[in-house]
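The values are calculated or read from the model by the stated rules, or taken from the named source; none is laboratory data. Remember, it's a predicted structure, so these values are computed and weren't measured experimentally. Cβ placement follows ideal geometry from the backbone for every residue including glycine, while neighbour counts extend to all protein chains displayed. To get the accessible areas, we keep the full protein, side chains included, count just its heavy atoms, and leave off ligands, DNA and RNA. Shrake-Rupley method; radii C 1.70, N 1.55, O 1.52, S 1.80 Å.
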Amino acid sequence: MNKILKSALFCTAAASMTLTSCMEETFPTSGVTQEQLGQSDKGLEAMLSAMPAYMKTVGVWSSSAWDFGYPAVMIGRNVMAGDCFQTYNGYQHFSSYQTVTLNLDDEYLISQVNWYFYNFAVRTCESLIDAVDADSEDPYMQSYLAEGLTYRAALLLDMARTYEYLPSEEISSINADGNDITGLTVPVTIKGVTDESNNPRMPHNEMRDYLLGQLDEAIALFEKSGITPESKVQPSLGVAHGIKARVYMWDENYPKAAEEARLAITTSGAQPLTRDQYLSPTQGFNDMSLSSWMWGLQIESNDDAVYYQGWGSFMIPESNYGYSGNVACSMNVDKNFYESISNADWRKLLWKAPAGSALSGQEPFLNASKGARLADYTGFKFRPGQGNVSDPTVTNAVSIPLMRVEEMYLIEAEALGHSNYADGKKALDNFVQNYRYAEYINPATDQESLIKECFKQKSIELWGEGQTFFDLKRLNMSVTRAYPGTNWPTGCRYNTVGRPGWTTWPFVDYEANFNKGVEGWLNPNIGNRFTSQDNI
């Protein structure tokens with residue numbers, strides 16, 4: 001991987017891209033001003049569309065195969081948890097995340113791309129927020145503003161959860177400058193309040209309050225407007241409640257998290273996927289029209305991401321294209337995790353069963369011959385678009401889940417369990433037995449084991465959807481990759497005591513050059529700090 005280019009040209013470009021110094025930036029408008037855009041319905045619609053459009057940008061800051069916006073960040077989080085990994089055969093473009101190499105440190109390209117992607121994505125939301133008249137009584141303007149606020153809050157929450165330092169055995173809270181960065185999230189520019197050149201990282205509690213305030217405003221606007229977005233690529237009232245539930249989970253305010261998760265369920269009207277929908281060879285996890293999906297990204301046939309560099313290339317092994325479908329560099333499930341799942345749980349059928357095992361031959365492959373060529377434990381949850389494996393503009397033109405209602409049921413169950421074991425157990429039992437498999441018997445006998453079971457069920461349900469990383473970090477869960485018979489590749493067989501230190505990402509060191517508020521307060525580096533136990 002390339003180190004960050006340290007040149008005058010780079011410095012000039014980077015200065016316009018930090019959260020704290022990009023507030024005056026606008027999108028190219030052929031001479032049309034931001035104010036004029038805000039007065040134009042078409043201009044506002046373009047800004048609205050820019051939010052999901054930027055999320056799937058290929059080549060945020062490089063031509064690297066792993067640089068394709070938010071879907072790439074999701075994959076990076078997937079392989080940094082303990083239940084999903086990429087096989088090694090020479091095409092493993094996410095190995096830096098999985099192996100936690102120096103390439104993740106603050107002066108290298110990967111951290112640069114991640115940091116700038118999030119900053120640019122936040123800026124697309126702010127362009128819309130700044131352009132809409134906050135006092136407008138036009139229902140459509142109210143809805144647009146609500147969508148912008150919700151989208152931005154979701155991105156900032158992601159950043160807060162990813163970059164906030166939480167204690168770990170391997171990485172000290174004292175950074176290279178001798179400062180304790182525990183609980184610090186990211187800088188946020190508040191218009192009219194913040195000095196953009198000297199904007200410190202928000203402490204956890206301040207970020208929590210800021211996000212809740214933004215989401216409360218969005219929810220009030222959604223309710224006042226009475227408008228539901230026409231497409232699930234834009235967040236709705238139910239999504240705003242869902243993001244609020246995620247905020248409260250991050251803050252460990254579990255009673256409020258349960259309350260917001262229930263509101264997300266009821267206001268969205270979404271229904272969990274049925275067995276047929278979950279296992280569908282043609283619509284499985286590629287079609288946001290299904291009721292379960294509350295929010296998603298849509299890869300279009302003319303997007304750059306339909307070719308070798310994108311979600312489908314890495315996540316759809318049944319296709320004839322990409323790193324997964326063409327060269328078998330696929331996403332696999334951890335063997336111990338797989339074996340811990342009951343054979344009665346039909347969700348288990350979306351991983352290739354080991355030859356000779358009870359489920360071998362029962363997997364609902366789109367094509368039996370292609371399925372036979374997949375390696376044991378390969379995950380094929382994410383199906384080719386419309387079941388087409390031969391035309392990349394169809395195969396990879398898929399929806400990518402950002403929020404499904406099942407997450408809300410599982411947030412509710414865990415959140416209730418933190419307050420009352422019996423209530424949490426009942427909620428988890430009701431979800432799994434009613435919506436997944438009736439034979440489910442909850443093994444939990446106390447609050448601690450219930451929380452672990454909630455984590456497990458959520459990990460099964462949302463495997464590959466980029467959420468397990470956050471729960472692992474919040475709950476101080478250990479990762480065990482090195483064990484007899486492990487299927488993790490050599491070089492990344494790490495065992496941790498409690499949350500892995502790599503769940504706090506470094507961000508680009510050049511941020512401190514343009515925002516003196518973070519100078520001396522960067523995250524510790526994590527690369528090459530872990531020892532793989534390859535002999536186990």
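Brief remarks on what is shown
- Checking each residue of region 430-449 against the condition of being among the aliphatic types (A, V, I, L, M), open to solvent by less than 20 Å² (accessible area, probe 1.4 Å) and under 26 Å from A240 (Cβ atoms) gives no match.
- N513 meets all of the listed conditions (1) part of a helix (DSSP H, G or I); (2) closer than 30 Å to F285 by Cα but one, namely (2).
- When region 54-81 is limited to residues that are open to solvent by less than 20 Å² (accessible area, probe 1.4 Å) and in a loop (DSSP other than H, G, I, E, B), the one that is nearest to F530 (Cα to Cα) turns out to be M80.
- Boolean, E259 is surrounded by fewer than 19 Cβ atoms within 10 Å (Cβ to Cβ) and in a loop (DSSP other than H, G, I, E, B): no
- Cβ-Cβ distances below 8 Å connect no pair with a first residue in region 99-118 that is within 19 Å of A81 (Cβ to Cβ) and without any contact (Cβ under 8 Å) to a residue 12 or more places away in the chain, a second residue that is open to solvent by 10 Å² or more (accessible area, probe 1.4 Å) and small (G, A, S), and a separation of six or more residues or different chains.
- Considering each residue of region 167-176 in turn, none proves to be of a type in the set (S, T, N, Q) and either under 18 Å from the mean Cα position of the chain (by Cα) or closer than 30 Å to K224 by Cβ (or both).
- Here region 349-369 is the region considered, the condition is being under 21 Å from P384 (Cβ atoms) and without any contact (Cβ under 8 Å) to a residue 12 or more places away in the chain, and the residue that is most open to solvent (accessible area, probe 1.4 Å) is A368.
- Beta carbons closer than 8 Å, at least 6 apart along the sequence or on distinct chains, pair a first residue in region 413-434 that is of a type in the set (S, T, N, Q) and at pLDDT 95 or above with a second that is surrounded by fewer than 24 Cβ atoms within 10 Å (Cβ to Cβ) and assigned to a helix (DSSP H, G or I) for S419/Y254; S419/P255.
- For the residues G76, G43, the requirement of being touching a Phe, Trp or Tyr at 6+ places or on another chain (Cβ under 9 Å) and at pLDDT 50 or above singles out G76.
- Residue list for region 474-496, restricted to those being open to solvent by less than 30 Å² (accessible area, probe 1.4 Å), in contact with a Gly (Cβ under 7 Å, 6 or more places away or on another chain) and farther than 24 Å from D158 by Cβ: R481
- Unique residue being without any contact (Cβ under 8 Å) to a residue 60 or more places away in the chain, under 21 Å from the mean Cα position of the chain (by Cα) and surrounded by 15 or more Cβ atoms within 10 Å (Cβ to Cβ) when the list is S330, S324: S324
- From N179, N205, residue being touching a residue at least 60 places away in the same chain (Cβ under 8 Å), polar (S, T, N, Q) and out of contact with any Pro (no Cβ under 6 Å at 6 or more places or on another chain): N179
- Residue within region 374-390 that is over 28 Å from the mean Cα position of the chain (by Cα) and either closer than 30 Å to T267 by Cα or at pLDDT 95 or above (or both) present: no
- Residue among S291, S340 that alone is surrounded by fewer than 22 Cβ atoms within 10 Å (Cβ to Cβ) and farther than 27 Å from S95 by Cβ: S291
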